[in-house]
Structures are given as C-alpha cells and as structure tokens.
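What follows is a short report on a single structure.
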Amino acid sequence: MANPYAGEVVLHVDGVAQTCKLTLGALAELEAALGADTLVALVERFEGGAFSSRDVMALLVAGLRGGGWRGDAGDLLSAEIAGGPVGAAKVAAQLLARAFAPPP
C-alpha cells in the first residue's frame, strides 16, 4: 500500500503493484530524461492537459525507480499497465502532485 504522505503512488505493471515515488534522485533522472525541459514546465503541461506520452513514460520510469524498481523505459514498452494510457497518465499526474504538495 502506498503512503500518500510520503509521496507514494501505486502503479500496477503486469498485474504486480509497484510503489512509485519521486525521490530527489528520481527527479534528477527525470530531468536528464527530459533533456532541456524543466520540472516546472512539466508540471505546467500536466496542469494544462498538454503532456505527451514521453512525459508520462519518463515520469513513470522515474517514479518506479524512486520506489526501488530496477527496470528502465524499455521494460515498460511491452508491459501491461492497469488502466492503459489513461491509467498511466493518472498515476504520472499523481506522482507530480504528491512530489510537490502534501495530500489533502
């Protein structure tokens, strides 16, 4: 079970619940994966609904790695993610929200 007060979110990958968290190291990895993009720009894209599948994938990989997962983006390309693309985008948005603000 994820702890929202610790910034954790659960993502089901191939039927297995994985805890995701944007740690400082995961955020640094995310910045590197997005190249010149800033995290502020990423948050703004999600808030405005203008995010890309690349944004979602980068967030999920960073969150999974922050939660202890040892895979990479290639491992997610053929994985079954609960909720499909919409479910993946929801988890990515929750990761961003929980990384920068406490849960309500």
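Residues in segment 1-11 that are buried (at least 18 other Cβ atoms within 10 Å of the Cβ) and either hydroxyl-bearing (Ser, Thr, Tyr) or not in a loop (DSSP other than H, G, I, E, B) (or both): how many?
So the answer is 2.
If you take the residues in segment 15-65 that are touching a strand residue (DSSP E or B) at 6+ places or on another chain (Cβ under 8 Å) and of a type outside the set (A, V, I, L, M, F, W, C), which one is surrounded by the most Cβ atoms within 10 Å (Cβ to Cβ)?
Ranking the qualifying residues of segment 15-65, first place goes to Gly63.
Go through segment 12-31 and report how many residues are outside any helix (DSSP H, G or I) and without any contact (Cβ under 8 Å) to a residue 12 or more places away in the chain.
2
If I go through segment 48-104 residue by residue, how many of them are in a helix (DSSP H, G or I) and on the phi > 0 side of the Ramachandran plot?
Residues meeting the conditions: 1.
Name the pairs: first residue in segment 32-61 and under 12 Å from Ala93 (Cα atoms), second residue buried (at least 17 other Cβ atoms within 10 Å of the Cβ) and of a type in the set (D, E, K, R), Cβ to Cβ under 7 Å, at least 6 apart or on different chains?
Qualifying pairs under 7 Å: Leu42/Asp55; Arg45/Asp55.
Here, each number is a calculation from the coordinates, and none is a lab measurement. Everything numeric in this text was worked out from a predicted model, so none of it was measured. Cβ: placed from backbone, ideal geometry, glycine included. Neighbour counts: every protein chain shown.
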